[in-house]
1. So, in the stretch 331-364, how many residues would count as being assigned to a loop (DSSP other than H, G, I, E, B) and hydroxyl-bearing (Ser, Thr, Tyr)?
2. From the list 387, 367, 371, 383, pick out the single residue that is of a type in the set (D, E, K, R) and either buried (at least 17 other Cβ atoms within 10 Å of the Cβ) or under 18 Å from residue 502 (Cβ atoms) (or both).
3. Only residues in the stretch 601-616 that are open to solvent by less than 50 Å² (accessible area, probe 1.4 Å) count as the first member; pair them with residues that are small (Gly, Ala, Ser), Cβ under 7 angstrom, at least 6 apart or cross-chain, and list the lot.
4. Pick out, from the stretch 250-318, the strands (runs of 3 or more DSSP E) lying fully within it that include 3 or more residues that are open to solvent by 60 Å² or more (accessible area, probe 1.4 Å), over 19 Å from residue 236 (Cα atoms) and not β-branched (Val, Ile, Thr).
5. Here are the criteria: (1) among the aliphatic types (A, V, I, L, M); (2) over 22 Å from residue 603 (Cα atoms); (3) touching a Gly at 6+ places or on another chain (Cβ under 9 Å). Tell me which single one residue 465 does not satisfy.
6. Any residue that is part of a strand (DSSP E or B) and either touching a His at 6+ places or on another chain (Cβ under 8 Å) or of a type outside the set (A, V, I, L, M) (or both) - is there at least one of those in the stretch 383-391?
7. Looking at the stretch 329-347, which of its residues are buried (at least 19 other Cβ atoms within 10 Å of the Cβ) and among the aliphatic types (A, V, I, L, M)?
Amino acid sequence: MYKTIGVLAHVDAGKTTFSEQVLFHTNSIQARGRVDHQDTFLDNHELERKRGITIFAEQGRMNIGDDTYTLIDTPGHVDFSPEMERAIRVMDYAIIIISAVEGVQGHTETVWQLLRKYHVPTFFFINKIDREGANVDAVMTQLRKDCSPDVLLIDEPLRADYLSSSMMEWLAEQDEELLDAFLNDTLDHVQCLAQLKDMIINECAFPCFTGSALKDEGIQEFIAQLPLLTVTHFEQDAPFQGEVFKIRHDGHQRLTFMKAMQGSLHVRDEFTFGETTEKITEIRLYNGSRFETVQQVEAGEIFAVKGLSQATIGDRIGSTTQSQPYELIPTLQAKVQYEGDQHIKEVLQIFRLLEAEEPSLRVVWQEKFQEIHVHIMGVIQLEVLVEVLQERFSLVVSFGEPQILYKETIATTVTGYGHFEPLKHYAEVHVLMEPNPRGTGITFSNACHADDLSVGNQRLVEKHLFEREHHGLLTGFPLTDVHFTLLTGRGHNEHTSGGDFREATFRALRQGLEQAQNVLLEPYYRFKMKASNDFIGRMMTDIQQAAGTFDDPILTETDVVLTGRAPVATLMSYSTTFAAYTNGKGALTLQFDGYDVCHNPEEVIAQIGYDKNADPEYSSSSIFCAKGKGYSVPWHKAQAAMHCQ
């Protein structure tokens, strides 16, 4: 049986040390490394060892009993959380490591929410129980309050024929059949274990273990219990499907890491991407940076292949289903500052290579200014990028001050008209544009009759609306939360050629924006602050000054918990202020909470200084033709000039 287990945690909870111990005790590695000695097996990048943090998700391979496990060690720092989310999508089970001293921390909650979103059965391991200030009971209370009341402490090691009486009692409380047996003294251990296994898979029970990874306490017991509590089912006979979760470059060759979701894959199997067919030339099973090559892999296995250049992270190879969008997205962007000898377009190619490995970078090329911009999660990520570029490509770059990534939408319903008819070209498009609920993005429906516009041309309009992010009018940042309905349009049998409908569609979109009430949006954080009661006034004042809102404070005798939401722009660097006035004893969690109306639009619009009439990629005017010559009609006169009525 193949099982993939992910190890996740807030930074510094002891995740990598835990992973090293597990791999050592399953004879997967010969010696245990330590983060502080810079010799860990899974943090095998120079950067990770130097900084003492996990930046890249790496896997180890091990056998326990008859099962083969892939253990994925994920980044714990929020700046590298997209890498963690991609790994979560291929996990069968997850282990969240919690420090017995610090308890549930900010990033732990983000991890927990993501695991629930992707329905990954989850275990907890309370680590560092040997440290001064460790308090397992307090952490258990916190886990049951902040994560789930169904967190179950494994107070004695489980065996195939034994569960402690307190665990049997807990299980009996969750199930009527077990409760009857418990009251009649006929409840047996095997029945209980089967029930617990089911509850774990259905996310109704979250077992919690305790120990110390550094002192090697509780690790072997955990390993022994893992086969008893985990089970996987994969369809081996179905056609192959695999989810791509990581891309790396081994010298000059691209490695595509994936998990086989069903079926089996062989060397020389072929896959088609659009017009291109590619062949698998090599399959590798990785254990840290070491690998072995094999001729085939089966459903449930994690592996890397060579030969695929078109597959992107998130793709489901062998399936026609669209890949799900990722939850964690960057809210900042930074400009690349390069003063070396290479041409800026060569530098862009290097960034495109990194973007394939880290899709959240969303490399943006601004032709007009010959500038490269990247999307980022935070400043630590920028520091690491600088080092990666230097080490891998001998490229010395710096980055400008990170800026907030804004978006734009509309608040009114309009119809956009676009016509493109220079000599020997012809296309006309009418689209209805309506505000979408916040967070829905761009959606499309078609109300155009095939008598007015051929089905092929209707599809072209839809394709052009989705082929890129469109600039808003206020700042040039991407347009979102708009529903487009194609109303009608017209082509010409002789004169319509490639690109005409793109021109007409873009002009219709822009003409619609000119009529609409445009709204600037900014990213928001959902925050949770916990501190001593003494600071409640300060906390509430700070949030009000940050243009945020908060729910009713939750007060206990000693502490206050304040939750709410506020713009990323005002809360981005608040953690240092908060740590200072609470003397480091407060806890602050920030989670991305989507986009909402900007709190200071005039200021932002003035600062960005976007000129809607000078955007080289967009025009709101339409082009018509008379006497063999094309002429321009400005947006406010376009509707009257249209050919379709």
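1. 2
2. Details: 387 fails: either buried (at least 17 other Cβ atoms within 10 Å of the Cβ) or under 18 Å from residue 502 (Cβ atoms) (or both); 371 fails: either buried (at least 17 other Cβ atoms within 10 Å of the Cβ) or under 18 Å from residue 502 (Cβ atoms) (or both); 383 fails: either buried (at least 17 other Cβ atoms within 10 Å of the Cβ) or under 18 Å from residue 502 (Cβ atoms) (or both).
Selected residue: 367, the only one of 387, 367, 371, 383 that is of a type in the set (D, E, K, R) and either buried (at least 17 other Cβ atoms within 10 Å of the Cβ) or under 18 Å from residue 502 (Cβ atoms) (or both).
3. Listed pairs, sorted by first residue: 615/476.
4. On the way: elements: 253-262, 264-266, 270-273, 276-279, 282-287, 290-294, 296-298, 302-306.
Of the strands (runs of 3 or more DSSP E) lying wholly inside the stretch 250-318, those with at least 3 residues that are open to solvent by 60 Å² or more (accessible area, probe 1.4 Å), over 19 Å from residue 236 (Cα atoms) and not β-branched (Val, Ile, Thr) span 290-294.
5. Exception for residue 465: condition (3).
6. As a first pass, look at the stretch 383-391 and keep what is part of a strand (DSSP E or B): none.
No, the stretch 383-391 contains no residue that is part of a strand (DSSP E or B) and either touching a His at 6+ places or on another chain (Cβ under 8 Å) or of a type outside the set (A, V, I, L, M) (or both).
7. Hits for the stretch 329-347 are 332, 334, 336.
Conditions (1) within 15 Å of residue 256 (Cβ to Cβ); (2) among the hydrophobic types (A, V, I, L, M, F, W, C); (3) in contact (Cβ under 8 Å) with a residue 12 or more places away in the chain, marked per residue:
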{"residue": "304", "(1), (2), (3)": "yes, yes, yes"}
{"residue": "313", "(1), (2), (3)": "yes, yes, yes"}
{"residue": "320", "(1), (2), (3)": "no, no, no"}
{"residue": "328", "(1), (2), (3)": "no, yes, yes"}
{"residue": "338", "(1), (2), (3)": "no, no, yes"}
{"residue": "341", "(1), (2), (3)": "no, no, no"}
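The values are calculated or read from the model by the stated rules, or taken from the named source; none is laboratory data. For clarity, every value in this text was computed on a predicted model and none was experimentally measured. Cβ: placed from backbone, ideal geometry, glycine included. Neighbour counts: every protein chain shown. In case anyone asks, the SASA skips ligands and DNA or RNA and just uses the protein heavy atoms, side chains included. Shrake-Rupley method; radii C 1.70, N 1.55, O 1.52, S 1.80 Å.
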